[in-house]
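Asks: Following this message is one structure expressed as structure tokens.
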Amino acid sequence: MCDLKNLLIALIVSIIGVNCFDDNDIESCMKSKHHKGRPGKEDSLHDQCKGWEQYSCCTKESTIGAHNEINHYNFNYNHCPGHKMSDKCREHFTQDLCFFDCDPYLKPWIVRVNRTF
């Protein structure tokens, strides 16, 4: 009886381990027009996004878009009339966008939401 119980526990642990820790389950890109289909090496990413050149979900074009005053998501960094975003704040927002576009390890935190407007 004890051997059967241990065998059952080992089987359950191995099934959970395979489902929770499969590398292919963690390393992937979001499905969007600004992300590649699969993460991989990029020859040249722009400015603040260079840290992801060895393994990324972004392209050079999307990283250039992340640095524009109106980025590739149509967000204007200087959206407050009469006020320009500080360089330090802009740097933070750009780095955050590089992370969002380039990092191949975001899947555990992505939640699919169905919205209707």
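The values are calculated or read from the model by the stated rules, or taken from the named source; none is laboratory data. The shown structure was predicted, so the numbers you read here are calculated from the model rather than taken from an experiment. Note that each Cβ is placed from the backbone with ideal geometry, even for glycine, and that neighbours are counted across all protein chains shown. Ligands, DNA and RNA are stripped out before the accessible areas are found, and what is left, the full protein with its side chains, is counted by its heavy atoms. Shrake-Rupley method; radii C 1.70, N 1.55, O 1.52, S 1.80 Å.
Asks: Through the Karplus equation 6.51 cos²θ - 1.76 cosθ + 1.60, θ set to phi - 60°, convert the phi angles of segment 98-114 into ³J(HN,Hα) values in whole Hz; use x for Gly and Pro.
Replies: With coefficients 6.51, -1.76 and 1.60, one gets 4, 4, 4, 7, 9, 6, x, 10, 8, 3, x, 9, 8, 10, 6, 10, 9 Hz.
Asks: Then there is this: Just to make sure I understand: if all protein chains stay in place, what is the order of TRP109, TRP52 by accessible area at 1.4 Å, largest first?
Replies: Largest to smallest exposure gives the sequence TRP109, TRP52.
Asks: Restricting the calculation to Cα positions, tell me the Rg (one decimal) and the Dmax (whole number) of segment 47-109 in Å.
Replies: In order Rg, Dmax, the Cα atoms of segment 47-109 give 12.4, 40 Å.
Asks: Mind ranking 55-62, 97-104, 31-38 by how tightly packed they are, going by the mean number of other C-beta atoms within 10 angstrom, highest first?
Replies: So the order, starting with the most tightly packed, is 97-104, 55-62, 31-38.
Asks: Let me ask something additional. Run the accessible area of segment 30-117 with a 1.4 Å probe and give the carbon-and-sulfur part as a rounded percent.
Replies: Heavy-atom surface of segment 30-117 belonging to carbon and sulfur, 1.4 Å probe: 54 percent.
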